[in-house]
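Presented below is the structure to which this report refers.
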Amino acid sequence: MQENYEHYISRNIKSLYRKRLMGPALYLFFAICLWAASPIASVLFPTELARLSDMSAFRQKKEEFVSARLKSLNFTGYTKTRFHRTVGYYYYLNNPDKRECCIVLLSPSSCEQGLPEIKDITVYGKIMSADEGYQTLLTKLSEDLSWTKSGIFSKVNPYYLSEPDYGYGFGLFLCFLLLGTGLLALLTALSYLIFIIRPDLSPPCQKLGHFGKPKELLALAEEELATLPQLATEDMFITEHFFIETSKYGTAIVPIEEIIWIYKHSTLQKLFWYHFRISYTLHITANKHVYIHCPKNMKSDIDGIIDYLSEANHEILVGFSEENRRKIHGVSGKKSLFEKWLRLIRRK
């Protein structure tokens with residue numbers, strides 16, 4: 001018995017937080033992979049594109065989101081629509097170095113609903129490959145210029161710069177979402193690591209701070225459990241001075257003399273329409289607003305715990321009733337926040 005329960009509470013706390021550590025650790029891995037695989041950083045910090053003729057090289061390096069300063073843009077006379085709404089205006093820019101033409105799709109606000117000519121503008125856009133709309137544009141331009149379709153495709157860059165597809169707002173939202181949730185996951189993982197290294201700093205042990213020094217009370221509870229537990233079930237124990245729970249749902253330690261109310265609650269477990277068993281939850285209320293729930297236990301185990309605790313401390317109220325609930329709220333002479341809020345609503 002002594003060997004089995006040596007540092008039993010600390011070992012269960014460490015085991016519990018090792019299992020819980022997997023959640024934030026996996027999310028951190030997922031967030032890092034998503035950040036590396038998606039162009040979120042390039043949306044917020046776009047690369048400067050000095051020449052539009054370099055769009056092909058930038059696209060191959062997966063640097064799709066860029067900023068560019070453009071001069072001497074001319075309106076093609078064609079627009080791009082989505083859901084019967086104009087989202088962009090096509091402009092062209094001649095590149096004398098390579099004797100090719102580059103296409104830029106500007107937002108309506110940037111070109112003032114289709115200015116004939118724009119002398120100088122700085123654009124934040126996404127490098128797009130030739131899609132159906134782009135090919136349709138070139139086909140119409142070839143008809144206007146009396147060129148062949150193959151001829152105009154040979155003179156126009158196969159990529160174009162689209163300002164409406166930049167998506168800065170979505171990128172910013174996704175960035176803050178990943179950073180916020182990633183930071184939360186990191187802090188959670190670090191706190192779990194601390195609880196694994198120092199079980200006395202974990203929330204179950206810190207609740208003991210209402211009744212004394214957590215580290216000393218934990219050591220006393222472990223000593224009593226290792227020496228001789230007064231009553232032991234599968235995951236609930238009673239020692240000389242403590243009630244202890246060590247289950248997969250959590251760990252709880254409370255001095256018996258601080259317990260003021262205990263009762264059990266039954267829940268009918270079912271799968272679809274089939275009822276297959278009844279589970280019982282032990283509810284314990286202690287001084288200083290400490291509440292403990294021990295779910296999914298056997299009725300005989302909970303009945304044994306309730307009988308022993310009521311014998312060990314005759315001031316404990318046993319069973320759920322409206323009278324006991326009112327007595328418990330009267331112990332501290334204070335009403336719960338919910339009751340205060342409900343009373344205020346009724347007055348209004």
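The label-point distance for Tyr124 and Ser321, in a model that sets each label 7 Å from Cα toward Cβ, rounds to 6.8 nm. What the Cα convex hull of the range 1-146 gives, in volume per residue, is 185 Å³. Working ranking of peptides 155-163, 107-115 by packing, defined as the average number of other Cβ atoms within 10 Å per residue, highest first, is 155-163, 107-115. Under the definition of Cα pairs under 8 Å and six or more residues apart, what whole-number percent is the relative contact order of the range 25-174? Contact order relative to length: 26 percent. Mean residue ellipticity at 222 nm, helices only, the chain: -13000 deg cm²/dmol; runs of at least 4 DSSP H residues each add -39,500 (n - 2.57), and the sum is divided by the number of residues. Across the accessible surface of the chain, with the other protein chains kept in place and a 1.4 Å probe, carbon and sulfur atoms take up 57 percent. Computed over the chain, relative contact order equals 15 percent, with contacts defined as Cα pairs under 8 Å that lie 6+ residues apart.
Solvent-accessible surface of the chain, taken per residue with a 1.4 Å probe and all protein chains present: 61 Å².
Listed by chain and number, the aspartates and glutamates placed with their C-alpha closer than 19 angstrom to that of Lys62 are Glu48, Asp54, Asp131, Glu163, Asp165; residues fewer than eight positions away on the same chain are left out. If R0 equals 45 Å, the separation of the Cβ atoms of Ser150 and Leu177 corresponds to a calculated FRET efficiency of about 0.45. Under a model in which nothing but the beta-carbon of Lys, Arg (+1) and Asp, Glu (-1) is charged, the chain shows a dipole of about 1200 debye around its Cα centre. Taking 0.36 nm per residue of separation and subtracting the Cα-Cα distance, full extension of the segment from Arg18 to Ser72 would add 13.2 nm.
Axis of helix 132-144 versus longest Cα principal axis of the chain: the two differ by about 10°, to the nearest ten degrees. At q = 0.09 Å⁻¹, what log₁₀ I(q)/I(0) does a Debye calculation on the Cα points of the chain give, no solvent, two decimals? Here the Debye-derived log intensity ratios amount to -0.70.
For the chain, the longest principal axis of the alpha carbon atoms and the long axis of helix 299-312 meet at an angle near 60°.
The values are calculated or read from the model by the stated rules, or taken from the named source; none is laboratory data. Here the structure is a predicted model, which means the values were calculated and not measured. No Cβ is skipped: glycine too gets one built from the backbone with ideal geometry, and neighbour counts run over all protein chains shown. Calculation scope for accessible area: heavy atoms of the full protein, side chains included, ligands and nucleic acids excluded. Shrake-Rupley method; radii C 1.70, N 1.55, O 1.52, S 1.80 Å.
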